[in-house]
Amino acid sequence: MKFNIVLVPGDGIGPEIVWGAVEVLTAVGRKFGHTFDFETVLAGGCAIDRFGVPLPDETLQKCLSSDSVLLGAVGGPKWDTLPGHLRPERALLGIRKELGLFANLRPARLQKVLASASPLRADIADKGVDLLIVRELTGGMYFGPRGRGQGEMGETAFDTEVYSRGEIERIGRVGFETAMKRNKKLCSVDKANVLESSRLWRETMHELAKEYPEVAYSDMLVDNAAMQLIQNPSQFDVIVTSNLFGDILSDEASQLTGSIGLLASASLGEGTRGMYEPIHGSAPDIAGQGIANPIATILSAAMMLNLSFGLTEEAAAVDAAVAAVLASGARTRDIAAGGAYISGAEMTRRIIQAL
Ligand code: IPM
Ligand code: MG
């Protein structure tokens, strides 16, 4: 089969890690007889430098006509003082919104061989961490009304959390369907003791739960969820939550696995086209040194093979190659726990060899 993949390397370590994933995809193509055509576009800080805008129209159009998008990371200190609508992050939000990618899947699994890289106490890590956060991605505070004004105590600013029943139902369904394919446990995370939007969220989830009697459903307040993730992470299978809470909890969950450099994500909408990206950022502090861990991006490419292209065997082969290389003791700096480490390029080479 033949697929057209748009690459958005972005800023910082973005280009290094995307390149690693491209090499792995090319190797998969060779092994299984597929053709992946790649086209690279600019978005984020590099697009600001070149065109004065974070998301040039041409970039968006190419993403819209691709079979899927693979993104590295955007942003960096150089662009931190730009006004909100011109920041590199706008590119990411724009692509998510314009492609209708409302469901963000972020799996977090602690591999036994990396237990020492996890900050979890051994008895907690022993029980395992294998959860998936389903984060709503095109609504909530990220996209609600915002602005600035004057108040009694000086300048004021506001952002608004807005959710409609339709948006909640749509992401809730992804949560339940995902749970059905895993261990049939779904925890919906909200702040229904305070926020009206969370109360609608919870009501809607309870309605949906009736359609999925096989799924063990529960609600949890977000502050408690933040605590439970550290105290007893093995209780979770699938977590479904809003855009903002999902952003925060997925970074927290990533740490349980040893490194944010290992966590992949898929952003999906109604069709098969998705955007795939590591959940970590552009890490400008280590950019260009060759030490960035490409695994999160490589695993994101595997999710693309599976979820957008239906190439399950190929995706499983990539996952297995990554697991084998980690089991062999190979470590990039972020997961070396102070010990010996190899470069990102060498990690990629070993994964391809294991493939
Ligand atoms: C993420 C990132 C983005 C987000 C930023 C870069 C806009 O933190 O994908 O988790 O907040 O969604
Ligand atoms: Mg984030």
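The values are calculated or read from the model by the stated rules, or taken from the named source; none is laboratory data. Computed from a prediction, not measured in an experiment: that's the story for all the values here. Positions of Cβ are backbone-derived with ideal geometry, glycine not excepted, and every protein chain shown enters the neighbour counts. To get the accessible areas, we keep the full protein, side chains included, count just its heavy atoms, and leave off ligands, DNA and RNA. Shrake-Rupley method; radii C 1.70, N 1.55, O 1.52, S 1.80 Å.
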From the residues in region 233-254 that are open to solvent by less than 10 Å² (accessible area, probe 1.4 Å) and in a helix (DSSP H, G or I), which one is nearest to ligand 2 (Cβ to nearest atom)? Ser250
If you check Arg96 against the conditions, is it under 22 Å from Gly246 (Cα atoms), open to solvent by less than 30 Å² (accessible area, probe 1.4 Å) and assigned to a strand (DSSP E or B)? no
When the residues of region 60-73 are narrowed to those that are among the hydrophobic types (A, V, I, L, M, F, W, C) and more than 16 Å from ligand 2 (Cβ to nearest atom), which ends up most open to solvent (accessible area, probe 1.4 Å)? Leu64
Could you list, in sequence order, the residues of region 312-333 that are open to solvent by 60 Å² or more (accessible area, probe 1.4 Å) and under 19 Å from Gly14 (Cα atoms)? Arg333
By residue number, the members of region 255-283 that are within 11 Å of ligand 1 (Cβ to nearest atom) and either over 21 Å from Ala225 (Cβ atoms) or buried (at least 22 other Cβ atoms within 10 Å of the Cβ) (or both) are Leu263, Ser265, Ser267, Met275, Glu277, Pro278, Ile279, His280, Gly281, Ser282
Filtering region 284-306 for residues that are closer than 21 Å to Asn4 by Cα, open to solvent by 10 Å² or more (accessible area, probe 1.4 Å) and of a type in the set (A, V, I, L, M) leaves a count of 2
Is it fair to say Gly76 is touching an Asp or Glu at 6+ places or on another chain (Cβ under 9 Å), over 29 Å from Leu131 (Cβ atoms), open to solvent by less than 30 Å² (accessible area, probe 1.4 Å) and within 12 Å of ligand 1 (Cβ to nearest atom)? yes
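Here's the yes/no breakdown for (1) within 16 Å of ligand 2 (Cβ to nearest atom); (2) farther than 21 Å from Ala253 by Cβ; (3) outside the structural domain of Leu244 (by TED's automatic domain parsing); (4) over 20 Å from the mean Cα position of the chain (by Cα):
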{"residue": "Ile279", "(1), (2), (3), (4)": "yes, no, yes, no"}
{"residue": "Ala283", "(1), (2), (3), (4)": "yes, no, yes, no"}
{"residue": "Leu305", "(1), (2), (3), (4)": "no, yes, yes, no"}
{"residue": "Ser308", "(1), (2), (3), (4)": "no, yes, yes, no"}
{"residue": "Glu313", "(1), (2), (3), (4)": "no, yes, yes, yes"}
{"residue": "Ile351", "(1), (2), (3), (4)": "no, yes, yes, yes"}
